[in-house]
Amino acid sequence: MSDTKTSLFTAPYPVSDEKIEFYRTNGYVRFDDVLNHEEVEALRAAVDRAKQRKAGFVRDLAGDGGGNPKILQMLNLWETNDEARDYLQGGRVAQMAARLTGSSEIRVYHDQALVKDPGPSAASPWHQDQPYWPSKEPGMLSCWMALDDVTIDRGCMQFIAGSHLWGEFDPISFEGSGSELKDLVSEEQREAWKPIPVELKAGSCTFHHGLTFHYTKPNTTDKPRRALVAIFIPNGITYAGDEKMSSPFDASITSKKGEPLRGEKFIQLV
Ligand SMILES: O=C(O)CCC(=O)C(=O)O
């Protein structure tokens, strides 16, 4: 951990019972002003440096955009960036995940910077996260931290409230039209399909459950949209073995099928 940044990211952020209730009912919840200006600047610098370096697992989630990715995905910044590591190990967002899930322990599955730069960008299609994860049970969750002020047109998160109770659907291609998932749900679910955009200031975030349907529009503004996502494993999640699609972190998994999901890179934060 860096010496200079240790005062950042350590102060706890309170999570009220109302927020927990909201998360459990709706499958997502927002928190404002979770990071201060200095913390946001530190993480922006980490993301911008990672973009320059393009080391590790980096790809265009929306296909091969060549030099101008439509959705730039960079995994596990915490392994190479002091700021990203301090952010996770400082424990603030992990403790929030512990409160939301009621779990006494929280591990990180991975982090990811998701950047939609000005210019041609793509929608992140309606999808659930759980189909892409090696977990048998639902319950893992993500913290989507805005590092820029995000509006609908700059690609803020949108959710279908309560969809975390609709079960697990097939993984969706990020190169498609964006609305494929809507074709898979029941008539009743289609009627309940009312997207809720959550516009946020930089340093504010949403948490969402791995089964919650979510989406972001292409960034059509002239400013970047930088988000840092942390995915958490609470207690009670086991490894699904080869039942699920492969992931870049398969080699890190140390569990056998049916055992609690553990991996060399899935460090314990709480
Ligand atoms: O930021 C985006 O465009 C999509 C984010 C997302 O799908 C996620 O955090 O699970």
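By how many nm would the segment from Ile267 to Glu105 grow when fully extended, if each residue of separation counts as 0.36 nm and the alpha-carbon distance is taken off? Write down the numbers at each step before the final one.
On the way: separation 162, 0.36 × 162 = 58.32 nm, distance 1.07 nm.
Length gained, Ile267 through Glu105: 57.3 nm.
Cα to Cα, under 27 Å, and not fewer than 8 places away if on the same chain: which lysines meet these conditions relative to Lys265?
Within reach: Lys5, Lys51, Lys54, Lys116, Lys136, Lys244, Lys256, Lys257.
Can you give me the accessible area per residue for the range 17-252, using a 1.4 Å probe, in Å²?
On a per-residue basis, 40 Å².
When the dipole is taken about the Cα centre of the range 17-252, and only Lys, Arg (+1) and Asp, Glu (-1) are charged at their Cβ, what size is it in debye, to the nearest 20?
In debye, rounded to 20, the range 17-252 gives about 360.
May I ask you to list the residues of the range 47-72 whose amide nitrogen lies under 14 Å from a point 7 Å from Cα along the Cα→beta-carbon direction of Glu175?
Those under the cut-off are 60-66, 70-71.
Compute the distance from the alpha-carbon center of the range 183-259 to that of the range 158-180, in whole Å.
Each part's Cα centre sits 9 Å from the other's.
If the chain between Asp32 and Thr220 were fully stretched, how many nm would it gain, using 0.36 nm times the residue separation less the Cα-Cα distance?
65.3 nm
At a 1.4 Å probe radius, carbon and sulfur cover how many percent of the accessible area of the chain?
Result for the chain: 49 percent of the exposed heavy-atom area is carbon or sulfur.
How high is the relative contact order of the range 17-252? Use alpha-carbon pairs under 8 Å, at least six apart in sequence, and give a whole percent.
This gives 33 percent for the range 17-252.
The values are calculated or read from the model by the stated rules, or taken from the named source; none is laboratory data. Remember, predicted model here, so these are calculated numbers, not experimental data. Virtual Cβ from ideal backbone geometry, glycine too; neighbours counted across all protein chains shown. When the accessible area is computed, the model is the full protein with side chains, heavy atoms only, and any ligands, DNA or RNA have been set aside. Shrake-Rupley method; radii C 1.70, N 1.55, O 1.52, S 1.80 Å.
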